[in-house]
1. Could you line up B:90, A:86 from fewest to most neighbouring Cβ atoms inside 10 Å?
2. Taking Rh as the Kirkwood radius, which is the inverse of the mean 1/r over Cα pairs, what is the Rg/Rh value for the range B:2-120?
3. What is the mean number of Cβ atoms from other protein chains located within 10 Å of the Cβ atom of each residue in peptide B:97-108, rounded to a whole number?
4. Just need the relative contact order of chain B here, percent rounded to a whole number, with Cα pairs under 8 Å and 6+ apart.
5. Treating the angle as unsigned and between 0 and 90°, give the value, to the nearest 10°, between the Cα long axis of helix A:85-95 and the longest Cα principal axis of chain A.
6. For helix A:2-28, what angle does its Cα long axis make with the longest principal axis of chain A, in degrees from 0 to 90 and rounded to 10?
7. Residues of the range B:33-77 with the amide nitrogen closer than 20 Å to a label point 7 Å from the Cα of residue A:47, along Cα-to-Cβ, please.
8. Roughly what angle does helix A:103-119 make with the longest principal axis of chain A, taking Cα atoms, 0 to 90 degrees, to the nearest 10?
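What follows is calculated from the coordinates using simple rules that are stated; it is not laboratory data. Since this is a predicted model, take the numbers as computed values, not measurements. We place every Cβ from the backbone using ideal geometry, glycine too, and count neighbours over all the protein chains shown.
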């Protein structure tokens, strides 16, 4: 039960981090330069963007929940379970970021989940 | 093209970073406490390089999200699992079973499907001052 709750926390925090990070970066706008001067001013904008910073916070929650659950559960169980994040992130992209997710994209994501589950078998 | 280049670089940085971290952590003698382990880790070049590479991965990931769909970038970088499996076998000499390779094959097919959908399918609503 404890494990299931923490895995749910990992999956949802990771997906929330993805959605917030994307929202923040879309607000910053397309990065199309490698000039250090411009990148520095972008970095300043990024580090004051509320969406970006909340995204980082969620990634921190993901990371520490992951470490915690690994202190008693097997990685070979936890890792495939967290592959659900691909599905939840995509749902977030569809419903919160209004991205169009075609059938082919869903099919690809499904194969990825299945593949992650298989690579995690001993 | 830019998207593919950035994502390829991101995935390579991530996989190489993981190999460095794994090597670094194994070189540590088994420490008695988590604090002892941490202070040993701070002195290990492999762990520093690994951490720097993972930071580089995060910057490239965020940069790609500044123009590409999240539902494109996330499954696209899942190819990292395949590269991690390959690197684990090649550099760390970990045994990789045929079931794992089958999983890697499925991930690769999935990633190819996603890559073929194009990096941006719809304009997102969240541009400008809406949020």
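1. Details: B:90 11, A:86 25.
Lowest count first: B:90, A:86.
2. So for the range B:2-120, dividing Rg by the Kirkwood Rh gives 1.05.
3. On the way: counts 4, 0, 5, 6, 2, 5, 10, 4, 4, 10, 10, 3.
Counting Cβ atoms of other protein chains within 10 Å of each residue's Cβ and averaging gives 5.
4. Details: 115 pairs, mean separation 39.9, N = 131.
Worked out over chain B, it gives 30 percent.
5. Once rounded, one gets 50 degrees.
6. 20 degrees
7. Zone members listed by number: B:51-64, B:66.
8. Computed tilt is about 50 degrees.
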